[in-house]
Amino acid sequence: MDAALAAKAAKAAVPIVFAGGEDPVKLGLVASLGRPGGNITGVAVLTTELEGKRIRLLRELVPTATAISVLLNPARPAFDAQSKDIEEAARAVRQELHILQASSEHEIGFAFAIAAQWRPGALLVAPDAFLDSRREQLITLAKSHAIPTIYHNREFVAAGGLMSYGTSFADEYRQTGIYAGRILKGEKPADLPVMQPTKFELLINLNTAKALGLTVPDKLLVTADEVIE
């Protein structure tokens, strides 16, 4: 969504198709999901529901966790909307939440040092392009501090992260490509309702779970789309 916001500000008349994890109405990208208006449409993930699901998954995996920390990037243009969505999701499931912030490599290390002092039962790393670029650092710190952590995409789990839940990027980009093709054939973004992803994935890394001393409940193993051993 950050790129879409920048593109909207720079190119008011050029058709834009976005794929992102915030509510485009709250961000001011479109007038409504059903009738976007203007020159922008795309695929949007309503993150409140997804963050609530990630929190519930963490509680299933670590039922003893009384508090969960969440790592956010305060430099992200959509930071305010993202943090409000996560806080709302936590309130909905009555989960105590600690907010950590990091927008640099050094701040990530400092955030984990703070988390170690708070001793949260688990950690949620929020979707963000910068945090995604620090994947190895995040995974290494989560392991060294023995904090069960959930991420938003499969790449983290494939690289050694514990668990991820989110949209299938392949499916999301396929939907985005369909809209781009329709616009190139003459349709207007204003007439194309904002789509929502249809496929979601739960991945679990059993090797990481064992290293953390966690026993993954059978319910999670059965519902997982992929289990890495």
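Okay, here's what the table says:
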read-out: Residues of segment 178-192 satisfying the condition of being out of contact with any strand residue (DSSP E or B) (no Cβ under 6 Å at 6 or more places or on another chain) and surrounded by 13 or more Cβ atoms within 10 Å (Cβ to Cβ); value: ILE178, ARG182, ILE183, GLU187, LYS188, ALA190
read-out: Identity of the residue in segment 208-229, surrounded by 12 or more Cβ atoms within 10 Å (Cβ to Cβ) and among the β-branched types (Val, Ile, Thr), that ends up nearest to SER144 (Cα to Cα); value: THR208
read-out: Any helices (runs of 4 or more DSSP H) falling wholly within segment 122-229 and containing at least 2 residues that are under 13 Å from the mean Cα position of the chain (by Cα); value: 129-133, 154-158
read-out: Residue list for segment 44-86, filter: free of Cβ contacts under 8 Å to residues at least 12 places away in the same chain and in contact with a strand residue (DSSP E or B) (Cβ under 9 Å, 6 or more places away or on another chain); value: PHE79
read-out: Considering residues of segment 160-182 that are modelled with pLDDT under 95 and in contact with a helix residue (DSSP H, G or I) (Cβ under 9 Å, 6 or more places away or on another chain) only, the residue nearest to ALA146 (Cα to Cα); value: GLY166
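The values are calculated or read from the model by the stated rules, or taken from the named source; none is laboratory data. This structure is a prediction, so every number in the text was calculated from the model and none was measured. Glycine also receives a Cβ, built like all others from the backbone with ideal geometry; neighbour counts cover every protein chain displayed.
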